[in-house]
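Notes to accompany the following structure.
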Amino acid sequence: MLSRAYGTRFFSDIFVLALTVGEQELRRRMAEGRGITDTGWIQSSLDYDRYFREHDKIEGVPYDTLEVSGLTVEEAAWEVGRWALSKLS
């Protein structure tokens, strides 16, 4: 999927960063922050997050992870920016 995406022909490299969060924190954010109560949706989100924490490639495309459980939105944004800048060198 990622390696076959239309836009990849325009770039020499594609970098992927997955933002992850612990299970309890993800449940809390979904329930309290977004009002989600659907157990299927919550479980699929937990599974999705777990995949990124337990692997380092998706369909052969490597990715980095950033654990954001203890970060504010501003701190997470700062870390994403720092990660992006590190890919330029």
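Regarding Val61, is this residue under 16 Å from the mean Cα position of the chain (by Cα), surrounded by 11 or more Cβ atoms within 10 Å (Cβ to Cβ) and closer than 28 Å to Phe11 by Cβ?
When the stated conditions are applied, Val61 passes them.
Is it the case that the stretch 55-65 has a residue that's of a type outside the set (Lys, Arg), farther than 15 Å from Thr20 by Cβ, in contact with a Leu (Cβ under 9 Å, 6 or more places away or on another chain) and in a loop (DSSP other than H, G, I, E, B)? Yes, the stretch 55-65 contains a residue that is of a type outside the set (Lys, Arg), farther than 15 Å from Thr20 by Cβ, in contact with a Leu (Cβ under 9 Å, 6 or more places away or on another chain) and in a loop (DSSP other than H, G, I, E, B).
For Leu46, state whether it is of a type in the set (A, V, I, L, M), surrounded by 12 or more Cβ atoms within 10 Å (Cβ to Cβ) and farther than 27 Å from Ala5 by Cα. So Leu46 does not fit the description; no.
Conditions (1) among the acidic types (Asp, Glu); (2) at pLDDT below 90, marked per residue:
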position	(1), (2)
Gly7	no, yes
Phe11	no, yes
Thr37	no, no
Ser44	no, no
Asp56	yes, no
Lys87	no, no
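If only residues of the stretch 1-48 that are assigned to a loop (DSSP other than H, G, I, E, B) and of a type in the set (Lys, Arg) are counted, the one that is farthest from Leu71 (Cα to Cα) is Arg4.
Would you confirm whether or not the stretch 51-58 contains a residue that is under 16 Å from the mean Cα position of the chain (by Cα), basic (Lys, Arg) and surrounded by 12 or more Cβ atoms within 10 Å (Cβ to Cβ)? Within the stretch 51-58 (the criterion being under 16 Å from the mean Cα position of the chain (by Cα), basic (Lys, Arg) and surrounded by 12 or more Cβ atoms within 10 Å (Cβ to Cβ)), the answer is yes, since at least one residue qualifies. Within the stretch 1-22, the set of residues being over 20 Å from Ala84 (Cα atoms) and surrounded by 14 or more Cβ atoms within 10 Å (Cβ to Cβ) comprises Gly22 only.
The values are calculated or read from the model by the stated rules, or taken from the named source; none is laboratory data. Here the structure is a predicted model, which means the values were calculated and not measured. Using ideal geometry, Cβ is built from the backbone for each residue, glycine included, and neighbour counts are taken over all protein chains shown.
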